[in-house]
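Following: one structure in structure tokens, then a few remarks.
The values are calculated or read from the model by the stated rules, or taken from the named source; none is laboratory data. In this text, all values refer to a predicted model and were calculated from it rather than measured experimentally. Don't worry about glycine lacking a Cβ; one is built from the backbone with ideal geometry, like all the others, and counts go over all protein chains shown.
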Amino acid sequence: MERNNKRVWIDIANTAEIPFFKPIISELSSEGYHINLTCWKRGEVPELLNEMGFQARAILSDSSNPLKKALSVGARTVLLNGLASKFDAVITMENVMPLPTAYLRGKPSIIILDNDVKLNSTQSIFQKMENKVKKFAKYVIVPEVAYDEFAKFFGKDILTFPGIKEHISISGYEPDPNFLDKIPFNEYVVVRPESLSSHYVLEKRSIVPELLKLFNKEGINVIYLPRNKLERELARGYDVYIPPKPLNGLDLAYYSKAVLTGSGTMAREAAVMGIPAVSFFPGKQLLAIDKYLVESDELLHSRDPEQIFEYVLSSWYKRKHTHTHTKIKKIFESFLKTIKSLPVYY
């Protein structure tokens, strides 16, 4: 974007977007941009934003029921047009809900995408509708390693950045030296279930109970991070620790022995920090960025609980350090340069 002192609207729809946008908001704010923040009441989004000192207006709630979720997305998309403050441009990550508002108001929109599976795999009717709305965006930015997959849908006229979004998320991260005082043990693994209510996830079976059974049998501490009541039920009868209030996900990953997730983001954050990382994302097709990490031997993808369990045990004292601070900083600077250089006219 060409000029400072402009109003940038950022709408945050899930917890994975918070660490991603944190350094972006900090940098843009320091350069004179005024940031308007809104969020969806999904998981711990409002609470985490508040803990980080961000003032965000929460608009409508998510649901674990696919039909109610679709209705919430539709209603919120309509509401945003009336409730959003004045803005000169909108930036969003995977979240399409602000795009029609920008389109109707004649304002430019920037969407950052990294989930090509939503576009190029078998889709529900709701996912197809969401994909069509993505084309409302004036600018599309994707990781270089995923360019070919996104070009199939958007054509070649899309922008790229080096690395993956998780490099951006950890670019300004400093571990909390007192974090372990906030939880009841020093050694643990993190488990976050599959997002089975997401429209692009067609498989609806979770392997979480099988994983928890194996960890309980071995006496391994588990910090379990459900998004909703349905996902809490997956852990019923197992010995897990569910934090009573939201915790910084990057701290959770940094101090863990391994991070296992069915949705992907937390595992990728762990991977770029050198922490043993496992994705048990359901479905036959992997995201291009996950393929990149798997091929780089930085991420295990598996739906086999026994294989995952053995991998965690074998990696208990291992850390990789392939993503240096210098490398991460360069990726963030390149990404930010792309954002700020877009020919946005008002």
Unique residue being farther than 30 Å from residue 256 by Cα and of a type in the set (D, E, K, R) when the list is 152, 182: 152
Output the residues belonging to the stretch 99-126 that are surrounded by fewer than 20 Cβ atoms within 10 Å (Cβ to Cβ) and part of a helix (DSSP H, G or I). 100, 103, 104, 105, 119, 120, 125, 126
Among the residues of the stretch 250-260, is any in contact with an Asp or Glu (Cβ under 7 Å, 6 or more places away or on another chain) and either among the hydrophobic types (A, V, I, L, M, F, W, C) or under 18 Å from residue 165 (Cβ atoms) (or both)? yes
Out of 96, 140, sole residue that is in contact (Cβ under 8 Å) with a residue 40 or more places away in the chain and surrounded by 14 or more Cβ atoms within 10 Å (Cβ to Cβ): 96
Among (1) part of a loop (DSSP other than H, G, I, E, B); (2) out of contact with any Ser or Thr (no Cβ under 9 Å at 6 or more places or on another chain), which single condition is residue 73 missing? (1)
May I ask you to list the residues in the stretch 199-243 that are at pLDDT 90 or above, among the hydrophobic types (A, V, I, L, M, F, W, C) and part of a helix (DSSP H, G or I)? 208, 211, 212, 214, 215
Six or more apart or on different chains, Cβ under 7 Å: which pairs go from a residue in the stretch 45-69 that's closer than 14 Å to residue 13 by Cα to one that's modelled with pLDDT under 90 and β-branched (Val, Ile, Thr)? Could you list them? 45/15; 48/15
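Residue-by-condition table, conditions (1) buried (at least 16 other Cβ atoms within 10 Å of the Cβ); (2) touching a strand residue (DSSP E or B) at 6+ places or on another chain (Cβ under 9 Å); (3) assigned by TED's automatic domain parsing to the domain that holds residue 64; (4) among the acidic types (Asp, Glu):
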| position | (1), (2), (3), (4) |
| --- | --- |
| 157 | no, yes, yes, yes |
| 160 | yes, yes, yes, no |
| 185 | no, yes, no, no |
| 192 | yes, yes, no, no |
| 207 | yes, no, no, no |
| 212 | yes, yes, no, no |
| 218 | no, no, no, yes |
| 225 | yes, yes, no, no |
| 231 | yes, yes, no, yes |
Kindly evaluate residue 66 against the criterion of being modelled with pLDDT under 95 and within 18 Å of the chain's Cα centre (by Cα). no
Scan the stretch 127-166 residue by residue and report those that are among the β-branched types (Val, Ile, Thr), under 24 Å from residue 267 (Cα atoms) and assigned to a helix (DSSP H, G or I). 145
Which numbered condition in (1) of a type outside the set (Gly, Ala, Ser); (2) more than 24 Å from residue 158 (Cβ to Cβ); (3) surrounded by 14 or more Cβ atoms within 10 Å (Cβ to Cβ); (4) in contact with a helix residue (DSSP H, G or I) (Cβ under 9 Å, 6 or more places away or on another chain) is the only one that residue 282 fails? (4)
Failed criterion for residue 246 (all others in (1) crowded, with 21+ Cβ neighbours inside 10 Å; (2) modelled with pLDDT under 95; (3) farther than 20 Å from residue 212 by Cβ; (4) touching an Asp or Glu at 6+ places or on another chain (Cβ under 7 Å) hold): (1)
Within the stretch 285-324, residues under 23 Å from the mean Cα position of the chain (by Cα), of a type in the set (A, V, I, L, M) and either surrounded by fewer than 18 Cβ atoms within 10 Å (Cβ to Cβ) or within 22 Å of residue 173 (Cα to Cα) (or both) come out as 289, 293, 294, 299
